[in-house]
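A.B. asks: Sending over a structure as structure tokens; questions will come in a sec.
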Amino acid sequence: MNYDLHCHSTASDGLFAPGELVDAARLGGVDVLALTDHDELSGLAEARQACDAHGLRFINGVEISVTWEDETIHIVGLGIDPENPQLVAGLQQVRGSRLGRAQAIAARFDSIGISGTLQGALSLAANPAVISRAHFARHLVSAGHTRDADSAFKLYLGSGKPAYVPHHWSHLEHAVRWITGSGGVAVVAHPGRYRLSDQALRRFFGEFRDAGGRALEVVTGSHQPSQYATFARFARDFGFHGSRGSDFHGVGESRIGLGQLPPLPDS
């Protein structure tokens, strides 16, 4: 079975509408798909309907941003109930802070002589409530300021760059409780992406487990192949399950296509 348990649609910062994303997953050979939009559930119904039409198994998902020791970490929820009141209210609270951050990012761009970025980013966000740095990056590319989205982050939007605005997201314990309280499984997304030492990662994994977290993404489009064994070992050490997900956002922006990752390690 080909599982892809992490991807994004236009309901957050993906390039494909939920139904189009399912078409791409089917072409990529996916058997089981989870849609995990950032802090947003509105694409799930369309994705489920498309999966039913194509004979794919669908899993309700979400990806929640949390702040832990000044680092932004993403927690994926799989098998959630999208109508759970606590989860719905928690995500609404997280989304409510996004526009303020976007306005602050635009002000940073204005200060360095690049104007119109908020309007440009909003024009590219199918769901303005979930505006993100990815939408700013796409605007910079379309306006000719950078060659591609990666360059936009390296030059302007990444940590420490001129338009980077730090942000405090939800607490780890809250995000895990929203997921588990709705019947879901909490998973650490792409743990190899964070600027944490092995010692800090172990401390974080311990707190995540104590909060009710149950899995790590081991094989993901954000990991190099050499990292698969590293995070399989972490998963074994902490008694976590392993997950597999492309983190697909769209053609030209994602290193790995839907369903194209290697399998989890045999162990």
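A.B. asks: Could you check how many residues of segment 133-159 are surrounded by 18 or more Cβ atoms within 10 Å (Cβ to Cβ) and of a type in the set (Ser, Thr, Tyr)?
C.D. replies: Adding up the residues that qualify gives 2.
A.B. asks: Please determine whether any residue of segment 160-168 is open to solvent by 30 Å² or more (accessible area, probe 1.4 Å) and within 13 Å of His74 (Cα to Cα).
C.D. replies: The answer is yes, given that some residue of segment 160-168 is open to solvent by 30 Å² or more (accessible area, probe 1.4 Å) and within 13 Å of His74 (Cα to Cα).
A.B. asks: Of the numbered conditions (1) of a type in the set (A, V, I, L, M, F, W, C); (2) open to solvent by 20 Å² or more (accessible area, probe 1.4 Å); (3) in contact with a His (Cβ under 9 Å, 6 or more places away or on another chain), Ile59 satisfies every one except a single condition; which is it?
C.D. replies: Unmet condition: (3).
A.B. asks: Only one residue in Gln103, Gln119, Gln86 is more than 17 Å from the chain's Cα centre (by Cα), exposed (fewer than 15 other Cβ atoms within 10 Å of the Cβ) and either closer than 27 Å to Glu46 by Cα or charged (D, E, K, R) (or both), so which one is that?
C.D. replies: Gln86
A.B. asks: Would you pick out the residues in segment 24-48 that are out of contact with any strand residue (DSSP E or B) (no Cβ under 8 Å at 6 or more places or on another chain), under 21 Å from Pro263 (Cβ atoms) and surrounded by fewer than 17 Cβ atoms within 10 Å (Cβ to Cβ)?
C.D. replies: Leu27, Gly29
A.B. asks: Out of curiosity, is Cys51 more than 23 Å from Pro85 (Cα to Cα), buried (at least 19 other Cβ atoms within 10 Å of the Cβ) and over 15 Å from the mean Cα position of the chain (by Cα)?
C.D. replies: Here the answer is yes, as Cys51 does meet what is asked.
Listed here are the residues, each with its yes/no results for (1) modelled with pLDDT under 90; (2) farther than 22 Å from Arg255 by Cα.
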position: Leu87; (1), (2): no, yes
position: Arg98; (1), (2): yes, yes
position: Ala104; (1), (2): no, yes
position: Ser115; (1), (2): no, yes
position: Leu118; (1), (2): no, yes
position: Ala125; (1), (2): yes, no
position: Val130; (1), (2): yes, yes
position: Ser151; (1), (2): no, no
position: Tyr156; (1), (2): no, no
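A.B. asks: With respect to Ser9, is the statement that it is at pLDDT 95 or above, open to solvent by less than 10 Å² (accessible area, probe 1.4 Å) and in a loop (DSSP other than H, G, I, E, B) true?
C.D. replies: It is true that Ser9 is at pLDDT 95 or above, open to solvent by less than 10 Å² (accessible area, probe 1.4 Å) and in a loop (DSSP other than H, G, I, E, B).
The values are calculated or read from the model by the stated rules, or taken from the named source; none is laboratory data. Every value quoted in this text rests on a predicted model; they were computed, and no experiment measured them. Cβ sites come from the backbone with ideal geometry, for glycine too, and all protein chains shown count toward neighbours. Protein only, heavy atoms only, side chains kept; ligands, DNA and RNA dropped before computing areas. Shrake-Rupley method; radii C 1.70, N 1.55, O 1.52, S 1.80 Å.
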